[in-house]
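Undergrad: The structure's right below; bear with me while I get my questions together.
The values are calculated or read from the model by the stated rules, or taken from the named source; none is laboratory data. What you are looking at is a predicted structure, and each value in this text was computed from that prediction instead of being measured. Virtual Cβ from ideal backbone geometry, glycine too; neighbours counted across all protein chains shown.
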Amino acid sequence: MGEVLSQSEIDNLLKALSTGELDAEDYKDSDEKQVKVYNFSTPSKFSKEHLRTLETIFEHYGRLLYINLPAYLRKTVQVEVMNAEAVLYKEYSQALSNPVLLGLIDFSPLEGTIVMELATNLGYAIIDRMLGGAGVSLEKKREFSEIEISIIERIMTICVDMLREPWQNVVDVHPRLTRIETNPQFAQIISPQEMVAIVTMSVRIGDVDGLMNICLPYMTLENVMDKLNTKYWFAALKEKDENSYEEAIESLISQSVIPIKARLGSTHLSVTEFVNLQKGDIIKLDAAVGDELDVFVGNIKKFKALPGSASDNYAVRVTSIIREE
């Protein structure tokens, strides 16, 4: 259906035609049909819907990197999905530099291997940070040593493990980093003419910016292509148990280790008295023998208790709970 013009627009158009500013011949419908060029030798197997869903999946993945990586690098990490595109694997591999950081990932139960490419300047920054530096990159590129590859492998393994959660709405994958290659010639995982989806993410570690590219071959995703649409993805997300996140948080909290201490009492000594303490000296506390003890969880007083023993160990019996924050 064509665009509906307002009365003022119609009047302006008629005026332009009458004055000769517009030629009616230019606006006649042409009988010639518009033809879209299609290359049958390299058909596009990823639709816009597929690529949009991949962007959504890796936006979730980017949030996981943003939350979890700072705990290992002790640096702020910012991640943003830039775009997703479909290209031939030949075009992708030819654009790789040398050296390069390519993590080859077994994407079981899906067939084949996916590739996680990390910019070399990010690799240098990670190495510098893990070895106690400020997390700066090198000005001049060079080959990575075996020790440096081992350090990067630890961080990349963590990144690979985090791929599982974003893909749960599509398929329950168990990704595993098989090896890291620094020469693109040794990363020919599929035929050069095979179509792949490339998801490009901008990663910032401290003050160092770089790109992370995820290469997903069509042959790997072929069995789940029907599920790579936003309608299915959000429907699966909605069907998820609303209590799952609450249960996960409770499970993590239940495994936390918290220091607990019971304080018998306190007193004040001068430095001279403290230095001159001898074996057998008695220190007078500000609490009587029958008084309840204060029990601290972390640095917060949470319980009152009485001292005792259990199985030849010192112990306390909780008598009351302090519920005031």
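Undergrad: For the stretch 135-159, name all the residues that are within 22 Å of the chain's Cα centre (by Cα) and of a type in the set (A, V, I, L, M, F, W, C).
TA: Scanning the stretch 135-159 gives 136, 149, 151, 152, 155, 156, 158, 159.
Undergrad: Any residue that is aromatic (Phe, Trp, Tyr), in the same structural domain as residue 98 (by TED's automatic domain parsing) and surrounded by fewer than 18 Cβ atoms within 10 Å (Cβ to Cβ) - is there at least one of those in the stretch 169-192?
TA: Restricting attention to the stretch 169-192, the residues satisfying the condition of being aromatic (Phe, Trp, Tyr) are 186.
So of that shortlist, the ones also in the same structural domain as residue 98 (by TED's automatic domain parsing) come out as 186.
After this cut, where a residue has to be surrounded by fewer than 18 Cβ atoms within 10 Å (Cβ to Cβ) as well, the list is 186.
Yes, the stretch 169-192 has at least one match.
To keep it simple, each residue is scored yes or no on (1) modelled with pLDDT under 85; (2) more than 23 Å from the chain's Cα centre (by Cα).
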{"residue": "209", "(1), (2)": "no, no"}
{"residue": "226", "(1), (2)": "yes, yes"}
{"residue": "242", "(1), (2)": "yes, no"}
{"residue": "262", "(1), (2)": "no, yes"}
{"residue": "294", "(1), (2)": "no, yes"}
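Undergrad: Name every residue in the stretch 67-84 that is more than 15 Å from residue 212 (Cβ to Cβ) and either in contact (Cβ under 8 Å) with a residue 60 or more places away in the chain or of a type in the set (Asp, Glu) (or both), in order of residue number. Lay out the reasoning, then the answer.
TA: Quick first cut of the stretch 67-84, residues more than 15 Å from residue 212 (Cβ to Cβ) only: 67, 70-72, 74-76.
72, 75, 76 - these are the residues of the stretch 67-84 that are more than 15 Å from residue 212 (Cβ to Cβ) and either in contact (Cβ under 8 Å) with a residue 60 or more places away in the chain or of a type in the set (Asp, Glu) (or both).
Undergrad: Sort out which residues of the stretch 171-186 are in contact with a strand residue (DSSP E or B) (Cβ under 9 Å, 6 or more places away or on another chain), modelled with pLDDT under 90 and part of a loop (DSSP other than H, G, I, E, B), and write them in order of number.
TA: 182, 183
Undergrad: Here is a list: 51, 69, 104. Which entry is farther than 24 Å from residue 181 by Cβ, in contact with a strand residue (DSSP E or B) (Cβ under 9 Å, 6 or more places away or on another chain) and crowded, with 16+ Cβ neighbours inside 10 Å? Even if it seems obvious, please write down each step before you answer.
TA: On the way: 69 fails: farther than 24 Å from residue 181 by Cβ; 104 fails: farther than 24 Å from residue 181 by Cβ.
Only one candidate qualifies: 51.
Undergrad: Further question on the same structure: I'm trying to understand the selection: among the residues of the stretch 278-299, which are touching a residue at least 24 places away in the same chain (Cβ under 8 Å) and β-branched (Val, Ile, Thr)?
TA: 295, 297
Undergrad: Go through the stretch 188-201 residue by residue and tally those that are under 24 Å from the mean Cα position of the chain (by Cα) and not in a strand (DSSP E or B).
TA: As a first pass, look at the stretch 188-201 and keep what is under 24 Å from the mean Cα position of the chain (by Cα): 196-201.
Remaining after also requiring not in a strand (DSSP E or B): none.
Of the residues in the stretch 188-201, 0 are under 24 Å from the mean Cα position of the chain (by Cα) and not in a strand (DSSP E or B).
Undergrad: Please list, ordered by first then second residue, the pairs with beta carbon atoms under 6 Å, 6 or more apart or interchain, first in the stretch 252-272 and closer than 21 Å to residue 295 by Cβ, second of a type in the set (Phe, Trp, Tyr).
TA: Going by the 6 Å Cβ cut-off, the qualifying pairs are 261/296.
Undergrad: Could you identify the single residue in 59, 80 that is modelled with pLDDT of 90 or more, among the charged types (D, E, K, R) and closer than 15 Å to residue 204 by Cβ? Give the derivation first.
TA: On the way: 59 fails: closer than 15 Å to residue 204 by Cβ.
The unique qualifying residue is 80.
Undergrad: Among the listed residues 253, 249, identify the single one that is part of a helix (DSSP H, G or I) and either touching a strand residue (DSSP E or B) at 6+ places or on another chain (Cβ under 6 Å) or exposed (fewer than 10 other Cβ atoms within 10 Å of the Cβ) (or both). Walk me through how you get there before you give the answer.
TA: On the way: 249 fails: either touching a strand residue (DSSP E or B) at 6+ places or on another chain (Cβ under 6 Å) or exposed (fewer than 10 other Cβ atoms within 10 Å of the Cβ) (or both).
From the options 253, 249, the qualifying one is 253.
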